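Laboratory data are not the source of any read-out in this text; all were calculated from the coordinates shown. Note that the structure is predicted; figures quoted are calculated from it, not measured. Note that we place each Cβ from the backbone using ideal geometry, even for glycine, and neighbour counts take in every protein chain shown.
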Amino acid sequence: MNVMRILISKLQDDDELYTPKQRKRFTIKHISADGIRILIGKEKNTFIPADCLNGIYDFLKDKGWVEVGAMHNNICKSGTLEEYVKSSKPEKTNVGNYVASILEDAEIVEIDRKIPNKVRLAKNE
């Protein structure tokens, strides 16, 4: 599955989304075949590379529910979406919640918003 192709077809620059639990607003600043740049708050830009996003399907395939695992202290639990994303991008900012919301908006994953938040591939995948 080419996740970036789906994201590009369903999202656009300046779309506003919200994190799953705390409903923090963030903005898709730029989406392209290279990846997605998001704006967190008013000043924090972070980039999620296309390779990371394209690999999420294989990461989630056959797993059922996977904990998002984003923590504010810049660490993450093993086996979580956050750990997967951190292994694929150079920036240290925790973005698992943002990635989960982006994927849900594009109907690639479903989110279980009970604590701890979890994601799984959408049933239509």
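Would you tally the net charge around residue 116, using a Cβ to Cβ cut-off of less than 13 Å, leaving residue 116 out, and scoring K and R as +1, D and E as -1? Combined, the nearby Lys, Arg, Asp and Glu give +2. For the chain, the average shadow cast by the Cα convex hull is 6.9 nm², which is a quarter of the hull's surface. For the pair the stretch 1-22 / the stretch 93-125, the C-alpha centres are spaced 11 Å from each other.
Before anything else, pin down the relative contact order of the chain: Cα pairs under 8 Å, at least 6 apart, normalised by residue count, whole percent. Walk me through the numbers on the way to the answer.
Working: 215 pairs, mean separation 28.8, N = 125.
Relative CO of the chain lands at 23 percent.
Summing +1 for each Lys or Arg and -1 for each Asp or Glu among the other residues whose beta-carbon sits under 11 angstrom from that of residue 75 gives +1.
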